[in-house]
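Following: one structure in structure tokens, then a few remarks.
The values are calculated or read from the model by the stated rules, or taken from the named source; none is laboratory data. Predicted model, so just to flag it, every value in this text is computed and none were measured. Quick reminder, even Gly has a Cβ in these numbers, built from the backbone with ideal geometry, and neighbours come from all protein chains shown. The area values use the complete protein model at the heavy-atom level, side chains included, leaving out ligands, DNA and RNA. Shrake-Rupley method; radii C 1.70, N 1.55, O 1.52, S 1.80 Å.
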Amino acid sequence: MRKKTVMAIPEGNVITLQNVYKTYEQGVSALNGVSLDIKQGEFVFIVGETGSGKSTLIKLLLRELTATEGDVNVLGYDLGTIRRGRIPKFRRNLGIVFQDFRLLKDRNVYENVAFAQRIVLEPAANIRRNVSEVLAMVGLADKYKMKTSQLSGGEQQRVALARALVNRPLILLADEPTGNLDPEKSWEIMQLLEKVNEGGTTVIVVTHNQEIVDRMNKRVITMKMGSILSDVDMGGYEVED
Ligand code: ADP
Ligand code: MG
């Protein structure tokens, strides 16, 4: 596997937000002074009602968006001042999973995962081994030849997870990864995320799944109208409906 070079991480935090505001061009203010630290190896749930700013926060961490005000630091990169040319290198440290899987539907499972390795120019000789390893980890070793359109939702999300993990990210971000799955498949995905976390990866999961959050006993950050309402270690789900 490729060796990771990470810049100095301030005080062991892989993510630091200081007084972050995000106002969209149309004047919608999505984040209103968010500050938080996430340490290497943490598992963090982000919960909160629709529109509370969860996805905006994830997009800031990926440097898909920039903050209107305040500092966003991820893995020692100041995302307010990072040069455009360095963004791809920065992003290699991150894995991302979305609610809607976002797979290449006309390609098979193997190709969907191998694609992520080709983007980072992993030597061809390593790709087969890396893809096999990660497909085994998500329990899809025997389905590598299948088109993703032939898979169930739970299986598709496991392919998406394999794709997010194959480059060995330091941080895995998941924005409502179980939003399209039934409770049993949701639980399977969460168990996989926990396993990934146990391997040392920092995992951040946005979810509406109250039962899972209550059951897993992890740190829970609750957002409301662009602010952090609460941030509890080993917390439960606290969104008022
Ligand atoms: P959540 O993920 O918690 O549902 P979002 O971060 O998607 O919340 O949205 C926060 C607020 O920002 C909402 O009011 C939403 O309508 C608004 N918003 C999100 N994306 C955009 C955008 N691209 N342009 C304008 N407003 C947006
Ligand atoms: Mg969202």
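Evaluated at q = 0.12, 0.17, 0.20, 0.22 Å⁻¹, a Debye calculation over the C-alpha positions of the range 110-241 (equal weights, vacuum) places log10 I(q)/I(0) at -0.52, -0.92, -1.16, -1.32. A straight Cα-to-Cα reach below 30 Å connects K54 with the lysines K4, K22, K39, K89, K105, K185, K195, K218, K224, residues fewer than 8 places away in its own chain not being considered.
In degrees from 0 to 90, rounded to the nearest 10, what is the angle of the helix 109-119 Cα long axis to the longest principal axis of the chain? It is inclined by approximately 60 degrees.
Most mobile of E184, E198, E64 per a Gaussian network model of the chain (Cα springs, under 10 Å)? Maximum fluctuation in the GNM of the chain, among the listed residues, is at E184. The C-alpha atoms of the chain define a longest principal axis, and helix 153-165 lies at about 80 degrees to it. Over what distance in Å are the Cα centres of the range 70-91 and the range 93-147 separated? Centre-to-centre distance over Cα atoms comes out at 26 Å. Of the residues Q26, N93, I127, the one whose Cα sits farthest towards the positive end of the charge dipole of the chain is I127 (charges of +1 on Lys and Arg Cβ, -1 on Asp and Glu Cβ, taken about the Cα centre).
Report summary: the helix-based calculation at 222 nm, which adds -39500 (n - 2.57) for every DSSP H run with n ≥ 4 and divides by the residues of the chain, gives -9000 deg cm²/dmol. Taken per residue, the accessible surface of the range 1-114 reaches 51 Å², heavy atoms only and a 1.4 Å probe.
For the range 1-139, dividing the convex hull volume of the Cα atoms by the residue count gives 155 Å³ per residue. Taken along its principal axes, the alpha carbon cloud of the chain reaches lengths of 47, 41, 35 Å, longest axis first. Rounded to two decimals, the Cα radius of gyration of the range 107-165 over 2.2 N^0.38 Å is 1.01. With the gyration tensor restricted to C-alpha atoms of the range 126-192, the semi-axes of the equivalent ellipsoid amount to 19, 15, 9 Å, longest first. Peptides 53-63, 91-101, 72-82, 157-167 ranked from most to least packed by the mean count of surrounding Cβ atoms within 10 Å: 157-167, 53-63, 91-101, 72-82. Counting only Cβ charges, +1 for Lys and Arg and -1 for Asp and Glu, the dipole size of the range 87-138 around its Cα centre is about 180 debye. For the range 43-93, just say rounded, prolate or oblate: build the C-alpha gyration tensor, square-root its eigenvalues into a ≥ b ≥ c, call rounded for a/c under 1.5, and beyond that prolate if a/b exceeds b/c, oblate if not. It comes out prolate by the Cα gyration axes.
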